[in-house]
Amino acid sequence: MFRKLIKDEIAKIVPEGTSFSVEIPEISEHGDYASNVAMVLAKKEGKNPREVAEELKNKVAPRLCSGRFSPLEKIEIAGPGFLNFFISQSGAIEYFKNILKNSKIKNWVKIENPQKINLEFVSANPTGPLTMANGRGGFYGDVLANVLSEVGHSVVKEYYINDAGNQIKLLGESISASEGKIPEKEEYYKGEYIKELKGKSAEEAVRFLLGKIKKSLENAGIKFDVWFSEEENLHKKNELEKTLYILKQKEALEERDGALWLADHVLIKTDKTPTYFLADLSYHYDKFIKRGFDLAINIWGADHHGYIERMKRGVEALGVNPERLKIIMMQLVKLVSGGQEVKMSKRAGEFVTMDELLEMVGLDAARWFFLERTPNTQMDFDLDLAKERSKKNPVYYVQYAHARACSVGRTHRFWFSRADLTLLKEREEFNLIKKILQFYEVIEDTSNDYYVHRLTNYVYGLAQTYTSFYENHRIILEDKKLSHARMKLNETAKIIIKKSLNLLGIDAPEKM
């Protein structure tokens, strides 16, 4: 698309290996694309960035801004030396025509070297029901899998079941304490759900709770390809011992103070019991070596932040390039209602479950509100806004735009596949064409950096742009040729809105 064209032209005139960006600005007045290339070069060469920007502009403009169907209308210099690129109307329409003529929309984005990717997310301990906080990582992983699959990767969605270790022992003791068999302790799990587990052993309770977790995920529209049990797949198959043997062969282990260490981290404690770290190394050995994934993406909660570097060093000790392990941290989420935070604590039994949240706001709103923020920022989930059935609610606004586009197609059915798109000359038409053409880059960027919030931002902006077109211009006119062209634009916008919502796992209703 346009960004690739701009990057390719700039690459021809800058030193080989120069790393620069071409991005879509958040503010439309800053152009359709903006690049930092002048500032990158100026820093390397000790020059004034605006002077470098002027030189680059003079070299690139003749290639991209001249001719009847030139892709760019103009290039401007802004701020400390940004190059801002403005797409020409004729260029946008030519690209739009070619896209619709030569390929189906579903094939816009395909990568050259697809990878086999393991995407592990949620993985909440089976010691209680899923909370609404689990929804953030759950929906994020689900949508990321959709995007990665969309561009051609082979993705396996996996849930790691932590059904071995101290938390399971603690669950059993919590049940016994609720039955009055042993004294209560501060660290025990509490809440109404513990009462449901009376009479069950820890193992039976895990199976019961795991069944509830699976049902909650099903309600949330999240399906996993693999449920990987720590107990069944690692402990019972002696995989931890095998992992230790591999590390010993690589001379990566050291015995100190009666414990077995990998660098600064203990694998076997002084009482000869394994640590979680060893189990995690065995798990990742299984991913990379036994199952042969090219890439493993783990979505973790904020409390695991200090664990990232340890895991990367661990997989490197196993002989795996640590760059093949990608870890996304999901920051904390607060539920807010009436301006007040709704307190949650799983262990104390005070929490809102995922099922309760879905019942309160619905699946579409729950997905949207979790997905519209970057994972590395804490967020407030506005319960009151999520319940709104008006244009104030962003997901409702986008769905309404799709329903509007559908209504046009239902009311006026006629042949418009050979529409003359050069008849589209109004500002709102041009803006909508440009917005549609950005779909390719949104999906491409998301598949590279995993920021799925970009998709909610995009489709909301697309809905706004479509609404402006719809409200400012009649689509069905006495001028049949112009009607056909606008119908084609309407139909394409409808397809892209629906495709974006489908990737987000959100319904695209045809009537509202």
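Please work out which residue is modelled with the highest pLDDT, limiting yourself to segment 390-443 and to residues that are assigned to a loop (DSSP other than H, G, I, E, B) and within 24 Å of the chain's Cα centre (by Cα).
First, the residues of segment 390-443 that are assigned to a loop (DSSP other than H, G, I, E, B): 390-393, 412-420, 424-426, 438.
Imposing the further condition that a residue be within 24 Å of the chain's Cα centre (by Cα) reduces the set to 392-393, 438.
Working: 392: 94, 393: 97, 438: 93.
The qualifying residue modelled with the highest pLDDT is 393.
Which residue, of 407, 447, is closer than 20 Å to residue 149 by Cα, of a type in the set (S, T, N, Q) and out of contact with any His (no Cβ under 6 Å at 6 or more places or on another chain)? Steps first, please.
Values: 407 fails: closer than 20 Å to residue 149 by Cα.
The unique qualifying residue is 447.
Quick one: count up the residues across segment 1-44 that are among the basic types (Lys, Arg), more than 18 Å from residue 430 (Cα to Cα) and either in contact (Cβ under 8 Å) with a residue 40 or more places away in the chain or assigned to a helix (DSSP H, G or I) (or both). Before the answer, list the steps.
Just the residues of segment 1-44 that are among the basic types (Lys, Arg), to begin with: 3-4, 7, 12, 43-44.
Filter again for more than 18 Å from residue 430 (Cα to Cα), leaving 4, 7, 12, 43-44.
Still in the list and also either in contact (Cβ under 8 Å) with a residue 40 or more places away in the chain or assigned to a helix (DSSP H, G or I) (or both): 4, 7, 43-44.
Matching residues across segment 1-44 total 4.
Got at least one residue in segment 267-282 being among the acidic types (Asp, Glu), surrounded by fewer than 16 Cβ atoms within 10 Å (Cβ to Cβ) and in contact with a Phe, Trp or Tyr (Cβ under 7 Å, 6 or more places away or on another chain)? Walk me through it before giving the result.
Start the filter on segment 267-282 by keeping residues that are among the acidic types (Asp, Glu), which leaves 271, 280.
Subset that is surrounded by fewer than 16 Cβ atoms within 10 Å (Cβ to Cβ): 271.
Okay, now just the ones that are also in contact with a Phe, Trp or Tyr (Cβ under 7 Å, 6 or more places away or on another chain), so none.
Checked segment 267-282: no residue is among the acidic types (Asp, Glu), surrounded by fewer than 16 Cβ atoms within 10 Å (Cβ to Cβ) and in contact with a Phe, Trp or Tyr (Cβ under 7 Å, 6 or more places away or on another chain).
Can you work out which of the residues in segment 73-112 that are part of a loop (DSSP other than H, G, I, E, B) and at pLDDT 90 or above is surrounded by the most Cβ atoms within 10 Å (Cβ to Cβ)?
Taking segment 73-112 first, the residues part of a loop (DSSP other than H, G, I, E, B) are 79-81, 88, 103-104, 108-112.
Now drop any that are not at pLDDT 90 or above, which leaves 79-81, 88.
Values: 79: 13, 80: 13, 81: 24, 88: 20.
Filtering segment 73-112 for residues that are part of a loop (DSSP other than H, G, I, E, B) and at pLDDT 90 or above, the one surrounded by the most Cβ atoms within 10 Å (Cβ to Cβ) comes out as 81.
Against the definition (closer than 21 Å to residue 299 by Cα, touching a residue at least 40 places away in the same chain (Cβ under 8 Å) and assigned to a loop (DSSP other than H, G, I, E, B)), how does residue 373 come out, yes or no? So that I can check it myself, show each step before the final result.
Details: closer than 21 Å to residue 299 by Cα: yes; touching a residue at least 40 places away in the same chain (Cβ under 8 Å): yes; assigned to a loop (DSSP other than H, G, I, E, B): yes.
Answer is yes for this residue.
Can you tell me which of 299, 327 is of a type in the set (Val, Ile, Thr), in the same structural domain as residue 144 (by TED's automatic domain parsing) and more than 21 Å from residue 353 (Cα to Cα)?
327
Scan (1) at pLDDT 95 or above; (2) out of contact with any strand residue (DSSP E or B) (no Cβ under 7 Å at 6 or more places or on another chain); (3) not small (Gly, Ala, Ser) for the single condition residue 5 breaks and write down its number.
For residue 5, the exception is condition (1).
Only strands (runs of 3 or more DSSP E) wholly contained in segment 224-265 count here; list those with 3 or more residues that are free of Cβ contacts under 8 Å to residues at least 60 places away in the same chain. Quick ask: steps written out before the conclusion?
Values: elements: 226-229, 253-256, 259-262.
Ranges flagged: 253-256, 259-262.
Mind checking whether some residue in segment 337-346 is outside the structural domain of residue 135 (by TED's automatic domain parsing) and touching a residue at least 60 places away in the same chain (Cβ under 8 Å)?
Yes - at least one qualifying residue is present in segment 337-346.
Might you let me know whether segment 204-221 holds any residue that is within 30 Å of residue 268 (Cα to Cα), exposed (fewer than 15 other Cβ atoms within 10 Å of the Cβ) and of a type outside the set (Lys, Arg)?
Within segment 204-221, the subset within 30 Å of residue 268 (Cα to Cα) is 204-207, 209-210.
From the residues that got through so far, the ones that are exposed (fewer than 15 other Cβ atoms within 10 Å of the Cβ) too are 204, 207.
After this cut, where a residue has to be of a type outside the set (Lys, Arg) as well, the list is 204.
Yes, that holds for at least one residue.
Return the pair list, or none, for Cβ contacts closer than 9 Å from residues in segment 295-314 that are free of Cβ contacts under 8 Å to residues at least 12 places away in the same chain to residues that are among the acidic types (Asp, Glu), at least 6 apart or on different chains.
307/280
Applying the selection to segment 187-230, what residues are closer than 20 Å to residue 352 by Cα, hydrophobic (A, V, I, L, M, F, W, C) and within 26 Å of the chain's Cα centre (by Cα)?
210, 213, 217, 220, 222
Starting from segment 47-59, take each residue that is without any contact (Cβ under 8 Å) to a residue 60 or more places away in the chain and list its partners that are among the acidic types (Asp, Glu) and loosely packed, with under 15 Cβ neighbours inside 10 Å, counting only C-beta distances under 8 angstrom and pairs at least six apart or across chains.
52/45
Answer yes or no as to whether residue 78 is out of contact with any Leu (no Cβ under 6 Å at 6 or more places or on another chain), of a type in the set (A, V, I, L, M) and over 15 Å from residue 13 (Cα atoms).
Numbers: out of contact with any Leu (no Cβ under 6 Å at 6 or more places or on another chain): yes; of a type in the set (A, V, I, L, M): yes; over 15 Å from residue 13 (Cα atoms): yes.
Yes, satisfied.
Suppose the filter is on the phi > 0 side of the Ramachandran plot and of a type outside the set (Phe, Trp, Tyr); does residue 172 pass it? Before you say what the answer is, go through the steps one by one.
Values: on the phi > 0 side of the Ramachandran plot: no; of a type outside the set (Phe, Trp, Tyr): yes.
For residue 172, the condition - on the phi > 0 side of the Ramachandran plot and of a type outside the set (Phe, Trp, Tyr) - is not met.
Of the residues in segment 58-72, how many are part of a helix (DSSP H, G or I) and within 21 Å of residue 434 (Cβ to Cβ)? So that I can check it myself, show each step before the final result.
The first filter runs over segment 58-72 and keeps only residues part of a helix (DSSP H, G or I), leaving 58-64.
So of that shortlist, the ones also within 21 Å of residue 434 (Cβ to Cβ) come out as 60-61, 63-64.
Result for segment 58-72: 4.
Which one of these is hydrophobic (A, V, I, L, M, F, W, C), modelled with pLDDT of 95 or more, out of contact with any strand residue (DSSP E or B) (no Cβ under 7 Å at 6 or more places or on another chain) and over 29 Å from residue 341 (Cα atoms): 143, 147, 155, 151?
Numbers: 143 fails: over 29 Å from residue 341 (Cα atoms); 155 fails: out of contact with any strand residue (DSSP E or B) (no Cβ under 7 Å at 6 or more places or on another chain); 151 fails: modelled with pLDDT of 95 or more.
Within the list 143, 147, 155, 151, the selection yields 147.
The values are calculated or read from the model by the stated rules, or taken from the named source; none is laboratory data. Just so you know, these numbers come straight off a predicted model, no measurement behind them. Neighbour counts are summed over all protein chains in view; Cβ atoms, including those assigned to glycine, are modelled from backbone coordinates with ideal geometry.
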